[in-house]
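> Quick one: the structure is below, questions incoming.
The values are calculated or read from the model by the stated rules, or taken from the named source; none is laboratory data. All figures in this text were calculated on a predicted structure; none of them were measured in a lab. No Cβ is skipped: glycine too gets one built from the backbone with ideal geometry, and neighbour counts run over all protein chains shown. Keep in mind that these areas ignore ligands, DNA and RNA; they rest on the heavy atoms of the full protein, side chains included. Shrake-Rupley method; radii C 1.70, N 1.55, O 1.52, S 1.80 Å.
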Amino acid sequence: RLTASGSDADAVETLLDEIEATVRERIGEHIYSTTPKEPFADFLLARLTDARASLAILDTVTQGRVVETLHKANPAATTFVTEWSVPAAEQSAAPSLALAERLAALAQDAQDATFGLALLAGDNDGAGESFLALAGPHGVTAQRLPYGGRDGFNQLRAGNRGLVMLWHALVGEGQ
C-alpha cells in the first residue's frame with residue numbers, strides 16, 4: 001500500500017504515480033492485484049473465470065488445503081476446480097519432476113480441464129522436497145522445491161507456489 005501526504009493534491013498524486021512506477025519496475029512480477037485486501041484465492045478464481053478456464057488438482061503435499069482454500073473463496077468454484085487422485089499405476093512411482101509433469105498432464109486430460117496442477121510430496125516421511133507441475137494450453141512447467149514436510153508452514157509454501165505457477169500461466173508468463 002502506497003501513501004503520501006501534502007498540501008498540493010496534484011503534486012501528491014504525481015509523487016504516488018512515480019513511486020508506484022518504481023515499485024512496479026522493481027517487483028511488479030510479484031504484484032497480483034491493486035485491490036486492497038483482495039485474497040490471492042479470490043484473485044485467481046476471478047482470473048480462471050475471466051479466462052473461462054478450469055483446474056484439476058492432484059495434491060499429496062497439502063492434504064487438500066489448496067482445493068479447500070479455493071472452494072472457501074468461492075463455493076461455486078466446485079464447478080471449475082476439481083480434485084483428482086493419483087492413478088493406481090502411478091502410486092508406487094518415486095516422486096520426481098518427471099512424475100509431477102506426467103500427473104499434471106494426466107489430471108488435465110482426465111478432468112478435461114484447461115489446467116492440471118500436481119503437487120507431490122518428495123517422500124513418505126514428509127521431509128525433504130516437493131515437486132510441482134502445471135499442465136496448460138501451452139505445455140507443462142515444473143519446479144522442484146527444496147523443502148517438504150507435513151507441517152502446515154511448508155504445506156502452505158508449496159501450495160502457494162503451485163498457485164503462483166497457475167497465476168503466471170493465466171497472465172501469460174511461465175508457460
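> Sequence gap at least 6, Cα distance under 8 Å: using those rules, report the relative contact order of the chain to the nearest whole percent.
Over the chain, the number comes to 18 percent.
> Starting at the first residue of the stretch 39-45, write each ³J(HN,Hα) from the Karplus equation 6.51 cos²θ - 1.76 cosθ + 1.60 with θ = phi - 60°, in whole Hz, x for Gly and Pro.
Coupling constants for the stretch 39-45: x, 4, 4, 4, 4, 4, 4 Hz.
> Continuing with this model, one more query. What value, in deg cm²/dmol to 500, does the helix sum -39500 (n - 2.57) over DSSP H runs of n ≥ 4 give at 222 nm once divided by the residues of the chain?
-13500 deg cm²/dmol
> Right, another one. Consider the candidate values [x] 35, 18, 14; [y] 38, 18, 15; [z] 50, 17, 14; state which one is semi-axes √(5λ) of the Cα gyration tensor in Å computed from the structure displayed.
This structure yields the entry labelled [x].
> If you don't mind, another one. Could you work out which residue, out of Ala11, Ala110, Ala121, moves most in a Gaussian network model of the chain, that is, has the largest mean-square fluctuation with Cα springs under 10 Å?
Maximum fluctuation in the GNM of the chain, among the listed residues, is at Ala11.
> Would you please classify the overall shape of the stretch 85-152 from the alpha carbon gyration tensor, given that a ≥ b ≥ c denote the square roots of the eigenvalues, rounded means a/c under 1.5, and beyond that prolate means a/b larger than b/c while oblate covers the rest?
Prolate, because a/c is 1.5 or more and a/b exceeds b/c.
> Which cross-chain or sequence-distant (5 or more) residues have an amide H under 5 Å from the amide H of Leu58, H modelled 1.01 Å from N in plane?
Trp84, Leu117, Ala118, Leu119
> Same structure again: With every protein chain left in place, what is the accessible area of Thr78 in Å² (1.4 Å probe, nearest 10)?
80 Å²
> Heavy-atom accessible area per residue, the chain, 1.4 Å probe: how many Å²?
Heavy-atom SASA per residue in the chain reads 56 Å².
> Can you compute 3J(HN,Hα) from phi for each residue in the stretch 87-92, using the Karplus curve 6.51 cos²θ - 1.76 cosθ + 1.60 with θ = phi - 60°, rounded to whole Hz and x for Gly and Pro?
Result, ordered by residue: x, 3, 5, 9, 5, 8 Hz.
> In the stretch 85-157, which chymotrypsin sites (Phe, Trp or Tyr not before Pro) fall in coil by DSSP and have 12 or fewer other Cβ atoms within 10 Å?
Answer by residue number: there is no such site.
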